[in-house]
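Chemist: Mind having a look at this structure? Questions to follow.
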Ligand code: UD1
Ligand code: UDP
């Protein structure tokens, strides 16, 4: 019998961990056929560990690279150096990376230098703007150039790859694994364990859930967003802002300066994924510059105002659940206010839409890998939305 296929997953930040967790768990369901190995760069530390713990994932390799105030050069160099050693020792048949972080790019480059095949999960997202989001747009394009198997979450992502002349046989549409994680986590009966989430009356209060972290928004753009939020809270007495603040000190500094000490503004540490996902489900609306939350909130029927000028996730935009509002103080205030006073507009944006997945993306990815390597007879069916 042939030796099992050795598949190494490489990731390092919170969103990669959330979206790779279903893949890691699925890979472990095929003993004898697949030997899974998990290598984390730990580009994030606490925010990564929160996810590893929730899904019960114990990495075989942990590069522990995170440093306060790390630069893109730090992350790239430390990841490459560390992965060189890990790949030389493990010699996997394939390396799976996810999405668009600097860990993703370094992981695919390290695999390429070792002449190891690369599988890219959440492949093909594009804004077409090199600097927005920065550096993610180039990270995913560069990763795409190094990739042998592209797991595109949607037909739009597949078409982006085909437009770049990627071989159609190397592209497989799977749905986004974030929906696998979300469906396994959100539960109407979930009870928040600690204040302030446990103390809020979600029926009489309107919760605005906020997250921000994009590098291109650091500094003045974020300050303008927070000022708009201050205006909203002053005007609407039934609004509670819940803001799990990213651990980046450059985010924290401005958040504290603009929103610290305000009544009904809850500045809290990053939440574990389970309370966070359930909080989206209980919120009235979401303001964010996150990528993943743009996929999760529409599935739960929550309007999202995206604090960015571009998005690589046009599907929910087309469906009307998501609106791009940028970071201009007046625009953020106007659009948020509109959703608080105009019930018809709120209802229009709040109809659930699910273009991103059906909860079976990880299964498709692993089944495709088994089929591709002659370990399963049938090619799985691709994901189609709707
Ligand atoms: C990174 C990714 C971004 C992704 C985001 C998800 C890059 C260049 N950026 O951005 O694509 O959308 O993660 O959140 O790959 N920190 C901690 N503890 C943590 C995590 C971060 O203290 O658990 C602090 C550290 O001071 C760190 C800083 O946050 O230096 C910034 O982290 P970094 O990974 O460089 O950038 P993010 O903005 O988190
Ligand atoms: N998230 C979380 N706790 C938080 C904030 C976000 O678990 O306090 C989850 C969220 O549900 C989503 C992911 O983190 O799955 C998004 O991560 P982030 O916004 O940091 O990165 P991006 O998606 O923009 O790359």
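Any read-out appearing in this document is the output of simple, stated calculations on the displayed coordinates, not a laboratory observation. As the structure is a computational prediction, the values presented were derived from the model and not from experiment. As a convention, Cβ positions derive from the backbone with ideal geometry for all residues, glycine included, and neighbour counts pool all protein chains shown.
Chemist: How would you rank 302, 6, going from fewest to most other Cβ atoms within 10 Å of each one's own Cβ? Mind dumping the intermediate values first?
Modeler: On the way: 302 22, 6 16.
Result, fewest neighbours first: 6, 302.
Chemist: How far is helix 46-55 tilted off the main Cα axis of the chain, in degrees rounded to 10, range 0 to 90?
Modeler: The angle comes out at about 70 degrees.
Chemist: Additional query: Given a cut-off of under 8 Å on Cα pairs at least six residues apart, what relative contact order in percent is computed for the chain?
Modeler: 15 percent
Chemist: In nanometres, what is the gap between the two model label sites at residue 165 and residue 319, each 7 Å from Cα along Cα-to-Cβ?
Modeler: Label at residue 165, label at residue 319, 3.5 nm between them.
Chemist: Calculate how steeply helix 136-146 sits against the longest principal axis of the alpha-carbon atoms of the chain, using the helix alpha-carbon long axis, and give the answer as 0 to 90 degrees to the nearest 10.
Modeler: 10 degrees
Chemist: Further, regarding this structure: Can you give the relative contact order of the stretch 212-293 as a percent, counting alpha carbon pairs under 8 Å and 6+ residues apart?
Modeler: It comes to 36 percent, rounded to a whole number.
Chemist: Mind checking which of 130, 19, 141 has the largest fluctuation in a GNM of the chain, springs on alpha carbons under 10 Å?
Modeler: Among 130, 19, 141, the largest mean-square fluctuation in the Gaussian network model of the chain belongs to 130.
Chemist: Next question, about the same structure. Using the basic label-point model (7 angstrom from Cα toward the beta carbon), what is the residue 247 to residue 203 distance in nanometres?
Modeler: My value for the distance between the label points is 3.8 nm.
Chemist: Evaluate E = 1/(1 + (r/R0)^6) for residue 351 and residue 257, where r is the Cβ-Cβ distance and R0 equals 30 Å; express this FRET efficiency to the nearest 0.05.
Modeler: 0.20
Chemist: Is it possible to state the helix-based mean residue ellipticity at 222 nm for the chain, with each DSSP H run of 4+ residues giving -39500 (n - 2.57), the sum divided by total residues, to the nearest 500 deg cm²/dmol? What is it?
Modeler: Result for the chain, helices only: -13000 deg cm²/dmol.
Chemist: Moving on. Multiplying the sequence separation of residue 74 and residue 129 by 0.36 nm and subtracting their Cα-Cα distance, what value in nm do you get? Could you put the intermediate results ahead of the total?
Modeler: Values: separation 55, 0.36 × 55 = 19.80 nm, distance 2.39 nm.
So the extension gain works out to 17.4 nm.
Chemist: Using only Cα atoms, tell me the angle between helix 361-372 and the longest principal axis of the chain; keep it within 0 to 90° and round to the nearest 10.
Modeler: Between helix and principal axis, roughly 10 degrees.
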